[in-house]
Amino acid sequence: MHKILFVCLGNICRSPMAEMILKDMVKKRGLEEQFEIASCATSTEEIGNPVYPPARAELARRGIPCEHRRARQLTKADYDVYDLLIGMDESNIRNMHRMLGGDPKGKIRKMMEFAGSRRDVADPWYTGGFDVTYRDITEGCEGLLKELL
Ligand code: 4NP
(Lines give C-alpha, C1' and ligand atoms only; values in the text may rest on other atoms or scores of the structure.)
Protein backbone atom coordinates (compact mmCIF):
# COMPACT_ATOMS: atom_id res chain seq x y z
CA MET A 1 0.00 0.00 0.00
CA HIS A 2 1.29 3.45 -0.95
CA LYS A 3 -0.04 6.24 1.27
CA ILE A 4 0.44 9.66 -0.26
CA LEU A 5 -0.47 13.06 1.22
CA PHE A 6 -0.26 16.18 -0.95
CA VAL A 7 0.22 19.46 0.88
CA CYS A 8 -0.17 23.11 -0.13
CA LEU A 9 -0.99 26.39 1.60
CA GLY A 10 -4.78 26.45 1.39
CA ASN A 11 -5.79 22.91 0.28
CA ILE A 12 -8.29 24.32 -2.20
CA CYS A 13 -6.16 24.55 -5.40
CA ARG A 14 -2.85 22.75 -5.89
CA SER A 15 -2.97 19.86 -3.41
CA PRO A 16 -6.57 18.81 -4.16
CA MET A 17 -5.73 18.99 -7.88
CA ALA A 18 -2.78 16.67 -7.21
CA GLU A 19 -5.02 14.37 -5.16
CA MET A 20 -7.62 14.09 -7.96
CA ILE A 21 -5.02 13.76 -10.75
CA LEU A 22 -3.11 10.96 -9.00
CA LYS A 23 -6.36 9.18 -8.04
CA ASP A 24 -7.39 9.30 -11.71
CA MET A 25 -4.01 7.95 -12.92
CA VAL A 26 -4.12 5.14 -10.38
CA LYS A 27 -7.72 4.27 -11.27
CA LYS A 28 -6.92 4.16 -15.00
CA ARG A 29 -4.10 1.70 -14.23
CA GLY A 30 -6.41 -0.46 -12.08
CA LEU A 31 -4.25 0.15 -9.00
CA GLU A 32 -6.81 1.74 -6.67
CA GLU A 33 -6.42 -1.01 -4.06
CA GLN A 34 -2.72 -0.23 -3.71
CA PHE A 35 -3.07 3.48 -2.97
CA GLU A 36 -4.41 5.79 -0.33
CA ILE A 37 -4.28 9.41 -1.55
CA ALA A 38 -5.30 12.59 0.27
CA SER A 39 -4.42 16.27 0.57
CA CYS A 40 -4.27 18.98 3.23
CA ALA A 41 -3.21 22.55 4.03
CA THR A 42 -0.45 24.09 6.08
CA SER A 43 -2.57 27.17 6.85
CA THR A 44 -5.94 27.50 8.57
CA GLU A 45 -7.08 30.03 5.95
CA GLU A 46 -9.44 27.83 3.91
CA ILE A 47 -10.34 25.05 6.40
CA GLY A 48 -13.76 23.61 5.64
CA ASN A 49 -13.90 25.14 2.17
CA PRO A 50 -14.52 23.14 -1.00
CA VAL A 51 -12.15 22.88 -3.96
CA TYR A 52 -11.78 26.34 -5.56
CA PRO A 53 -14.14 26.50 -8.57
CA PRO A 54 -11.44 27.35 -11.18
CA ALA A 55 -9.39 24.35 -9.98
CA ARG A 56 -12.46 22.15 -10.26
CA ALA A 57 -13.15 23.57 -13.74
CA GLU A 58 -9.60 22.80 -14.90
CA LEU A 59 -9.98 19.19 -13.75
CA ALA A 60 -13.37 18.95 -15.49
CA ARG A 61 -11.81 20.25 -18.75
CA ARG A 62 -9.31 17.40 -18.55
CA GLY A 63 -12.01 14.81 -17.80
CA ILE A 64 -10.79 14.25 -14.25
CA PRO A 65 -13.47 13.64 -11.61
CA CYS A 66 -13.31 15.94 -8.60
CA GLU A 67 -14.69 14.64 -5.32
CA HIS A 68 -16.64 16.95 -3.06
CA ARG A 69 -14.29 17.53 -0.19
CA ARG A 70 -13.40 20.17 2.36
CA ALA A 71 -10.01 21.64 3.16
CA ARG A 72 -8.29 20.36 6.28
CA GLN A 73 -5.03 21.24 7.98
CA LEU A 74 -1.94 19.02 8.28
CA THR A 75 -1.55 17.35 11.69
CA LYS A 76 1.37 15.63 13.41
CA ALA A 77 -0.55 12.33 13.17
CA ASP A 78 -0.37 12.56 9.36
CA TYR A 79 3.36 11.96 9.54
CA ASP A 80 2.84 8.44 10.89
CA VAL A 81 -0.11 7.62 8.62
CA TYR A 82 1.44 8.58 5.26
CA ASP A 83 4.56 7.24 3.51
CA LEU A 84 5.14 10.39 1.49
CA LEU A 85 4.11 13.96 2.32
CA ILE A 86 4.53 15.98 -0.86
CA GLY A 87 4.63 19.79 -0.78
CA MET A 88 3.97 21.91 -3.85
CA ASP A 89 6.53 24.64 -3.21
CA GLU A 90 9.50 25.53 -1.05
CA SER A 91 7.41 27.44 1.46
CA ASN A 92 5.10 24.42 1.92
CA ILE A 93 8.19 22.31 2.64
CA ARG A 94 9.45 24.79 5.25
CA ASN A 95 6.02 24.90 6.93
CA MET A 96 5.74 21.10 6.92
CA HIS A 97 9.13 20.73 8.64
CA ARG A 98 8.10 23.29 11.23
CA MET A 99 4.63 21.83 11.87
CA LEU A 100 5.83 18.22 12.01
CA GLY A 101 8.95 18.98 14.07
CA GLY A 102 11.36 17.67 11.42
CA ASP A 103 11.43 14.72 9.04
CA PRO A 104 13.24 11.82 10.75
CA LYS A 105 12.00 9.25 8.23
CA GLY A 106 12.66 11.29 5.09
CA LYS A 107 9.00 11.36 4.04
CA ILE A 108 8.80 15.02 3.02
CA ARG A 109 9.37 15.68 -0.69
CA LYS A 110 8.68 18.51 -3.14
CA MET A 111 6.37 17.69 -6.04
CA MET A 112 8.53 18.63 -9.03
CA GLU A 113 11.45 16.51 -7.73
CA PHE A 114 9.51 13.56 -9.14
CA ALA A 115 9.78 15.22 -12.54
CA GLY A 116 13.51 15.75 -12.06
CA SER A 117 13.25 19.46 -11.26
CA ARG A 118 13.92 21.58 -8.19
CA ARG A 119 11.32 24.18 -9.12
CA ASP A 120 7.96 24.78 -7.47
CA VAL A 121 4.58 23.79 -8.92
CA ALA A 122 3.14 26.91 -10.57
CA ASP A 123 0.87 28.64 -8.03
CA PRO A 124 -2.38 29.64 -9.73
CA TRP A 125 -3.64 31.72 -6.79
CA TYR A 126 -2.38 35.04 -8.16
CA THR A 127 -1.94 34.19 -11.84
CA GLY A 128 -5.12 32.24 -12.59
CA GLY A 129 -2.95 29.88 -14.66
CA PHE A 130 -4.67 26.67 -13.66
CA ASP A 131 -3.63 25.01 -16.94
CA VAL A 132 0.07 25.48 -16.09
CA THR A 133 -0.55 24.10 -12.61
CA TYR A 134 -2.32 21.12 -14.14
CA ARG A 135 0.65 20.39 -16.43
CA ASP A 136 3.18 20.65 -13.58
CA ILE A 137 1.18 18.39 -11.30
CA THR A 138 0.60 15.83 -14.06
CA GLU A 139 4.36 15.70 -14.75
CA GLY A 140 5.07 15.32 -11.05
CA CYS A 141 2.48 12.56 -10.59
CA GLU A 142 3.77 10.63 -13.62
CA GLY A 143 7.28 10.73 -12.13
CA LEU A 144 5.94 9.73 -8.74
CA LEU A 145 4.18 6.67 -10.18
CA LYS A 146 7.35 5.70 -12.06
CA GLU A 147 9.31 5.87 -8.82
CA LEU A 148 6.74 3.84 -6.85
CA LEU A 149 5.81 1.12 -9.33
P1 4NP B 1 -3.55 26.50 -2.65
O2 4NP B 1 -3.96 27.99 -3.08
O3 4NP B 1 -2.50 26.64 -1.56
O4 4NP B 1 -3.00 25.92 -3.89
O5 4NP B 1 -4.80 25.81 -2.15
C6 4NP B 1 -4.19 29.00 -2.15
C7 4NP B 1 -5.37 29.05 -1.46
C8 4NP B 1 -5.62 30.05 -0.55
C9 4NP B 1 -4.64 31.01 -0.33
C10 4NP B 1 -3.45 30.95 -1.03
C11 4NP B 1 -3.22 29.94 -1.93
N12 4NP B 1 -4.90 32.04 0.60
O13 4NP B 1 -4.05 32.96 0.69
O14 4NP B 1 -5.91 32.02 1.30
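For the full complex of protein chains and a 1.4 angstrom probe, list Ile137, Ile93 by accessible area with the highest value first. All intermediate terms of the calculation are to be shown ahead of the outcome.
Details: Ile137 0, Ile93 20 Å².
In descending accessible area the options line up as Ile93, Ile137.
Can you give me the three principal axis dimensions of segment 2-148 from its C-alpha atoms, in Å, biggest first?
So the extents along the principal axes, rounded to whole Å, are 39, 34, 28.
Determine the distance separating the Cα centre of segment 128-146 from the Cα centre of segment 1-77; give it in Å without decimals.
13
When ligands, DNA and RNA are left out and all protein chains stay put, how many square angstrom of accessible area per residue does segment 29-118 have with a 1.4 Å probe?
On the way: 4910 Å² over 90 residues.
With the other protein chains kept in place, segment 29-118 gives 55 Å² per residue.
Taking the Cα-to-Cβ direction at Arg119 and at Ala60 and moving 7 Å from each Cα, how far apart do the two end points lie in nm?
Simple spin-label model gives 2.9 nm for this pair.
Could you sort out which of Lys76/Lys146; Lys27/Lys107; Lys3/Lys27; Lys28/Lys107; Lys107/Lys146 sit more than 21 Å apart by Cα distance in this structure? Write out the running numbers ahead of the final one.
Details: Lys76/Lys146 28 Å; Lys27/Lys107 24 Å; Lys3/Lys27 15 Å; Lys28/Lys107 26 Å; Lys107/Lys146 17 Å.
Too far apart for the 21 Å limit: Lys76/Lys146; Lys27/Lys107; Lys28/Lys107.
Give me the percent of accessible area attributable to carbon and sulfur for the chain, probe 1.4 angstrom.
Numbers: 3650 of 7360 Å².
Percent of accessible area from carbon and sulfur atoms in the chain: 50.
The values are calculated or read from the model by the stated rules, or taken from the named source; none is laboratory data. In this text, all values refer to a predicted model and were calculated from it rather than measured experimentally. Glycine gets a Cβ as well: all are built from the backbone with ideal geometry, and neighbour counts include every protein chain shown. Each accessible area value is taken on the protein alone, full model and side chains, heavy atoms only, with ligands, DNA and RNA left out. Shrake-Rupley method; radii C 1.70, N 1.55, O 1.52, S 1.80 Å.
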